[in-house]
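Below you'll find the structure, written out as structure tokens, and then a few comments.
The values are calculated or read from the model by the stated rules, or taken from the named source; none is laboratory data. Computed from a predicted model, the values in this text were never measured in an experiment. As a convention, Cβ positions derive from the backbone with ideal geometry for all residues, glycine included, and neighbour counts pool all protein chains shown.
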Amino acid sequence: MRRTARAQAAERVAVGVGLTSSSMVTVGQVSAISRNSGSISMTSDPVRVEPDEKMTRAALDRGADEVATILSRALLRQFDNRH
């Protein structure tokens, strides 16, 4: 079945992000990490930010940077709340 361009533009998507394992994640300033050593989290629990709203593909294309910023900040907050 072929979809028209209008139907494709109206498709809605919801974006979420996650880490299946956070065992090698470190949060902090890069300048504070030693070149020879560093601390890492020893948990392997997944960290997720579930999608909370749908948008058209066109809107995601125009606002991809903003969506990425919001989701990455939310993912870091989730990670911080677990540690």
Against the definition (modelled with pLDDT of 90 or more and not acidic (Asp, Glu)), how does Leu19 come out, yes or no? no
Residues Asn36, Asn81: which one is modelled with pLDDT under 90, exposed (fewer than 12 other Cβ atoms within 10 Å of the Cβ) and in a helix (DSSP H, G or I)? Asn81
Residue list for the stretch 49-65, filter: surrounded by fewer than 12 Cβ atoms within 10 Å (Cβ to Cβ) and under 25 Å from Thr20 (Cβ atoms): Glu50, Asp52, Glu53, Ala64, Asp65
